[in-house]
Amino acid sequence: MLPSIFSRKGASGFSWASTADQVTQGLSAQGLTAIVTGASSGIGAETARVLAARGAHVVMTARNLAAADSVRKAVIAQTPDASLDVMELDLSSIASVRKFAADYIDKGLPLNILINNAGVMAIPYTLSKDGIEMQFATNHVGHFLLTNLLLETMKKTSRESNVEGRIVNVSSEGHRFAYAEGIRFDKINEEAGYATFGAYGQSKLANILHANELARRFKEEGVNITANSLHPGSIITNLLRHHSVIDVLHRTLGKLVLKNANQVVCW
């Protein structure tokens, strides 16, 4: 719980300590369909819960189907009429992204909201199955491809429903810690010079650039979809598990000044 100094309300009527339940109180997502990536824990699980509680049909994606299904069951236990499905998706695998998108389209489901949330942070140098540096593959490339593959579905949904579509890229203030050159386009996958937080920063910078370009194109085309990137705040999650000392401080002292997943609004 944040100290009272962080609980002071701003012009919006909310503070850092406000929860997603409080911010969305009285709002209805009835009739909307949302995809939330990385919905088996943390911000993704909480976002899926609140969207479902407000009436949206939520498709929860995760690599760990058992963990995601446990979240789904917990949400339904709390909100019996909640509508949630779980589908497998590994953002670090291009084949998995393509399969998910194809399966989703085959189901004939509409898509109003796409929340690109799943991610990894500051992990040791690793390449994905496709030979792409793992943070860039998971945090950016997978979401970039997923968004592109589902874009026509979103455009069709917004036209037929006359409801504005929404794409949200969960980025981070960590984009400021990208490599000095920003995104190392000519050596994305090189181990030489790899820095865990630099690689994380460049992937989050790519999220922002992606959202900015989508927004520009939607405006140019007159498409009724918004695209935004956001910094969710400094959250106590499991993202720093690869840095034991920092993770211990993050989970202990961090409780005094950091937000928890309930205090994040991603939509």
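Worth pointing out:
- Only one entry of A199, A178 meets the criterion of being among the small types (G, A, S), touching an Asp or Glu at 6+ places or on another chain (Cβ under 7 Å) and either without any contact (Cβ under 8 Å) to a residue 12 or more places away in the chain or crowded, with 18+ Cβ neighbours inside 10 Å (or both), and that entry is A199.
- Check on L65, touching a strand residue (DSSP E or B) at 6+ places or on another chain (Cβ under 6 Å), of a type outside the set (S, T, Y) and surrounded by fewer than 24 Cβ atoms within 10 Å (Cβ to Cβ): yes
- Pairs linking a residue in the range 44-66 that is within 21 Å of V120 (Cα to Cα) to a residue that is surrounded by fewer than 19 Cβ atoms within 10 Å (Cβ to Cβ), with Cβ atoms under 6 Å and 6 or more positions apart or on different chains, are E46/N262; V59/D85; V59/M87; T61/M87; L65/E88.
- Of all residues in the range 155-169, one or more are of a type in the set (A, V, I, L, M), within 19 Å of the chain's Cα centre (by Cα), crowded, with 19+ Cβ neighbours inside 10 Å and not in a loop (DSSP other than H, G, I, E, B).
- Among residues of the range 217-235 that are at pLDDT 95 or above, those with a Cβ under 6 angstrom from a residue that is assigned to a loop (DSSP other than H, G, I, E, B) and exposed (fewer than 15 other Cβ atoms within 10 Å of the Cβ), sequence gap 6+ or separate chain, pair up as N224/E164.
- Among the candidates A52, A29, residue that is modelled with pLDDT of 95 or more, surrounded by 17 or more Cβ atoms within 10 Å (Cβ to Cβ) and assigned to a loop (DSSP other than H, G, I, E, B): A29
- Pairs where the first residue, in the range 128-157, is more than 21 Å from T226 (Cβ to Cβ) and free of Cβ contacts under 8 Å to residues at least 24 places away in the same chain and the second is of a type in the set (D, E, K, R) and buried (at least 19 other Cβ atoms within 10 Å of the Cβ), C-beta under 7 Å, 6+ apart: none
- Selection status of T47, more than 15 Å from E88 (Cβ to Cβ), buried (at least 22 other Cβ atoms within 10 Å of the Cβ) and not aromatic (F, W, Y): yes
- Criterion: modelled with pLDDT of 90 or more and more than 28 Å from R49 (Cβ to Cβ) - qualifying residue of G165, G198: G198
- Any hit, the range 117-124, residues being farther than 17 Å from T196 by Cα, surrounded by fewer than 23 Cβ atoms within 10 Å (Cβ to Cβ) and either modelled with pLDDT of 95 or more or of a type in the set (K, R) (or both): no
- Within the range 78-102, residues that are without any contact (Cβ under 8 Å) to a residue 60 or more places away in the chain and closer than 30 Å to L127 by Cβ sit with their Cβ atoms under 6 Å from residues that are among the aromatic types (F, W, Y) and crowded, with 19+ Cβ neighbours inside 10 Å, at 6+ positions apart or across chains, in these pairs: L89/F100.
- The set of residues in the range 105-131 that are within 14 Å of V58 (Cβ to Cβ) and in contact with a Leu (Cβ under 7 Å, 6 or more places away or on another chain) comprises L111, N112, I113, L114.
The values are calculated or read from the model by the stated rules, or taken from the named source; none is laboratory data. Note that this is a predicted model, so its numbers are computed, not measured. Please note: Cβ atoms are built from the backbone with ideal geometry, for glycine as well, and neighbour counts cover all protein chains shown.
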